[in-house]
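Colleague: Pasting in a structure now, in structure tokens, and then I'll have a few things to ask.
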Amino acid sequence: MYIYEDRLKKFLANQGWSAQRFADELGVELSEVEKMLKGEYIGVDTARKFIMYFKIPLVLAYIDFDKTGVENPFAE
């Protein structure tokens, strides 16, 4: 899964969180959050934790469905 890195950066800035703090919140390694912040692919385990953290529908704003190569299942 790919995340819009600009949106995640804005979220972290608004929260006043470092990448390490967000990694701790998700329960993932810092390297996984660094991948998100670079617009790189994250694996299934990290993606699940990311989705569970933000919940539907908020998480949909962070997932780059085009880059991921799947259609947004919740698009109208």
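Colleague: Using 10 Å bins from zero, what percent of all Cα-Cα pairs in the chain falls into each bin?
Modeller: 20, 60, 19, 1
Colleague: Dipole size in debye (nearest 20) for the chain around its Cα centre, Lys and Arg Cβ +1, Asp and Glu Cβ -1?
Modeller: Dipole about the Cα centre, nearest 20: 200 debye.
Colleague: Next up: Could you state how much accessible area residue 18 has, in square angstrom rounded to the nearest 10, with a 1.4 Å probe and all protein chains kept in place?
Modeller: 60
The values are calculated or read from the model by the stated rules, or taken from the named source; none is laboratory data. Keep in mind the model is a prediction, meaning the values are calculated, not measured. When we count neighbours, we look across all protein chains shown, and the Cβ atoms used for this are built from the backbone with ideal geometry, even at glycine. Quick note on the areas: whole protein, heavy atoms, side chains included, nothing else; ligands and nucleic acids left out. Shrake-Rupley method; radii C 1.70, N 1.55, O 1.52, S 1.80 Å.
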